[in-house]
Amino acid sequence: MAKNNGLEIHNKSYPSIKDTRKMIIEEVVGKIHSNNISLDLTKDELYLVIDEALTNAMEHGNSWDPSKQVSVLIRLDTNTLDILIRDEGKGFTKDVMDQTLEAVRNLKPRGRGIFIIKQFCSPSWNEKGNQIDLRFTLQK
């Protein structure tokens, strides 16, 4: 799923079931806090970022198909924490980023997830576009 850099502190796959999102997010946030990892954002902000990325993977990547998995990997390095979320979908392209900016500019109620994510971390995607790497700076 990811490069072998850093210490892996969580690696688990989950079915794409809407009602399990909250439990998954709480498990991920709990794993981070139980490892005494301090980030430059609040617990609520971290929850929001993970929720946006996980929802995108389950909804847009896997179409809420419970037979399709979403994988979550948490990796800790010296200065950063990475949360990688991968779905089984076709991925997306640059036009999705353009739609996100348009949604923000026009205050549309949907389509702002990537914009929100970018406010709290440095995201990147694999070439296929079905995996997001949420990179957070560790608090010093």
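What residue, among those in region 94-140 that are open to solvent by 90 Å² or more (accessible area, probe 1.4 Å) and at pLDDT 80 or above, is nearest to HIS33 (Cα to Cα)? Quick ask: steps written out before the conclusion?
So the first thing to find is which residues in region 94-140 are open to solvent by 90 Å² or more (accessible area, probe 1.4 Å), and the list is 94, 99, 105, 107-110, 118-119, 127-128, 135, 139-140.
In the following step, the residues that additionally are at pLDDT 80 or above were identified as 118-119, 127-128, 135, 139.
Details: LYS118: 22, GLN119: 21, GLU127: 31, LYS128: 31, ARG135: 16, GLN139: 13 Å.
The qualifying residue nearest to HIS33 (Cα to Cα) is GLN139.
Given the conditions (1) surrounded by fewer than 21 Cβ atoms within 10 Å (Cβ to Cβ); (2) under 19 Å from ILE9 (Cα atoms); (3) at pLDDT 95 or above, and given that SER63 satisfies all but one, which numbered condition is not satisfied?
It fails just one condition, (2).
Hey, does region 75-89 have a residue that's at pLDDT below 90 and either farther than 25 Å from LEU138 by Cβ or in a helix (DSSP H, G or I) (or both)? Step through it out loud before you land on a result.
Residues of region 75-89 at pLDDT below 90: none.
Taking every residue of region 75-89 in turn, none turns out to be at pLDDT below 90 and either farther than 25 Å from LEU138 by Cβ or in a helix (DSSP H, G or I) (or both).
Which residue pairs have Cβ atoms under 6 Å apart, sit 6 or more places apart or on different chains, and have a first residue in region 118-140 that is assigned to a loop (DSSP other than H, G, I, E, B) and a second that is among the small types (Gly, Ala, Ser)?
Sorted first by the residue in region 118-140, then by its partner, the pairs are LYS128/GLY91; GLY129/GLY91; ASN130/GLY61; ASN130/GLY89; ASN130/GLY91; GLN139/SER38.
Would you confirm, using the coordinates I've provided, whether LEU46 is buried (at least 16 other Cβ atoms within 10 Å of the Cβ), assigned to a strand (DSSP E or B) and modelled with pLDDT of 95 or more?
Working: buried (at least 16 other Cβ atoms within 10 Å of the Cβ): yes; assigned to a strand (DSSP E or B): no; modelled with pLDDT of 95 or more: yes.
Taking the combined requirement at face value, the residue does not satisfy it.
The values are calculated or read from the model by the stated rules, or taken from the named source; none is laboratory data. Just so it is clear, the structure is predicted and the values come from calculations on it, not from any experiment. Glycine also receives a Cβ, built like all others from the backbone with ideal geometry; neighbour counts cover every protein chain displayed. The protein model used for the area step is the full one, side chains on, heavy atoms only, and it has no ligands, DNA or RNA in it. Shrake-Rupley method; radii C 1.70, N 1.55, O 1.52, S 1.80 Å.
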